[in-house]
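The values are calculated or read from the model by the stated rules, or taken from the named source; none is laboratory data. Everything quoted here is computed from the prediction, not taken from an experiment. Every residue, glycine as well, gets a Cβ built from its backbone with ideal geometry; the counts of neighbours run over all protein chains shown. Accessible surface areas use protein heavy atoms only, side chains included; no ligands, DNA or RNA. Shrake-Rupley method; radii C 1.70, N 1.55, O 1.52, S 1.80 Å.
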Amino acid sequence: MSGKRTGAGTGTGMAADAGTDGSTGTGADPCTGTDGSTGTGADPCTGTWRDRRRRRRRGSRRPGPPGPYALLPWLLMGMGAFSNLFQGEAANPWLGGLGLLTFNSLYISVVFRGFDKKKRESPVSYWLLAAMAAVTFGLAIGYGGSWLLFFPLLSLACGTVLRHRQLAAGLLSLAVVATLIAVWRGNSGTDPWTIGYGTFISGAVTSAILTLAETVMELRDTRQELARTAVEKERLRFSRDLHDLLGHTLSVIVVKSEAARRLAPRDMDAALLQVADIESVGRQALTEIREAVTGYREGSLATELDRARYALAAAGIAPVVRRSGPPLAPQTEALLGWVVREAVTNVVRHSRATTCSFVVDGTSERVRLTVTDDGGGPDPDAPATPGIGGTGLTGLTERLAAAGGSLRAAPGPERGFVLTAELPVDGTDRADGTDGDTAAGTAPSPTLGR
């Protein structure tokens, strides 16, 4: 039926663009998981603004420690004393009423301070607790009977303020004194041992519950902090991987593009071959970026050395590779592969070298990778700058330091530059480099460190 829309049905013929919402019939709400209609004019996936606010409130509620208001109902234990005053059964009712008012005021003050760590540990809280104990002793000795029930209340207050040895000593002393006063007065109407036991157990249970709740809150805060740290470390890892991947790949693409531009006027076939290489390098870069994003990329030293030969040859630099020593662990090869990649990137970009050598030699304890080029060398009049420059080598320095290794970049004995990376064979448990501090600064490299 054209020109009309209905929003009351839920059958298969319901218009997809219906302007009103009706009952969902037999099905549950696909967005909230609840049954029934969302109300006329409401978005079926968000509901009304009241529903959204209600869901936000439910999502924000998290179990936490009990508040000070949970201990206020226990003041009803003093109703017996209040009844004695109201019925005129207590001597000096004005004095007893003042003591009752003072005790309640001190109890509320101490309990509320006990839920704030800074206030709980301040001397004021201990002075208030001592004044409360003095009032309790005076009322219990002077009146006895139902006034002895102020000892468990005093114990509750002690449980909110005292901790560890102070709590144990305080509760034991308070239970003994309460029992002795109950035996001496003899008019409590309750077994004196019950008064002592109730006094001890009240403070012990209160302190145990509050301590457990505080521990749970601290663990929750620690878990949130660990989650934030993990996110920061993952961002740092990804930024390093992205820099190393794109820096090397874009350098090769630039070199290949320049070669294709120079060859195009003279030899179109050779230029097209360079263009095909650019396409191949770009596709490989896409694959490596996807692997880096998922965190599953494990570099191979042999693969990186082969790529280094290819990239250097394309830039007109003769590669020399020598490798010796025992087989390396995958984590060690991954780290050294990153070093090779970064070194090739900087040699191609900045060195203007004709030869670049890679020497890998290792023992049963340590492995060393040395990259040497015969570039023009630094300006002898330029002042030296401490530390390793450049984002790439700085990140590699941190990665190797986290694995117990080191990275050094320095001018060569005659010309060019030397990049040396050392790693312990079995020291790569944290080879991802996210937990390590930056290594100590070493000699700068104006070309390799860019």
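Points to keep in mind about this one:
- Region 357-368 residues that are over 11 Å from T420 (Cα atoms), paired with ones that are acidic (D, E) (beta carbon under 7 Å, 6 or more apart): R366/E422
- Scanning region 152-171 for residues that are open to solvent by 10 Å² or more (accessible area, probe 1.4 Å), touching a residue at least 24 places away in the same chain (Cβ under 8 Å) and over 19 Å from G138 (Cα atoms) turns up L162, R163, L167.
- With respect to the conditions (1) surrounded by 18 or more Cβ atoms within 10 Å (Cβ to Cβ); (2) modelled with pLDDT under 85; (3) not in a helix (DSSP H, G or I), R399 lacks only one, and its number is (3).
- Leading residue by the ranking (farthest from A403 (Cα to Cα)) among those in region 362-378 that are assigned to a strand (DSSP E or B) and over 39 Å from the mean Cα position of the chain (by Cα): D373
- Output for region 140-176, where each listed residue is more than 25 Å from P68 (Cβ to Cβ), at pLDDT below 90 and assigned to a helix (DSSP H, G or I): I141, G142, Y143, G145
- Restricting the first member to region 103-129 and to residues that are in a helix (DSSP H, G or I), and the second to residues that are of a type in the set (F, W, Y) and buried (at least 18 other Cβ atoms within 10 Å of the Cβ), the beta-carbon pairs closer than 8 Å and six or more apart or on different chains are F103/F150.
- Search result, residues across region 203-249 that are among the polar types (S, T, N, Q), within 30 Å of M77 (Cα to Cα) and open to solvent by 30 Å² or more (accessible area, probe 1.4 Å): T211, T215
- Selected residue [at negative phi and without any contact (Cβ under 8 Å) to a residue 12 or more places away in the chain] from L210, L236, L219: L219
- Taking the listed residues V340, V321, the one that is touching a residue at least 12 places away in the same chain (Cβ under 8 Å) and open to solvent by 10 Å² or more (accessible area, probe 1.4 Å) is V321, with no other qualifying.
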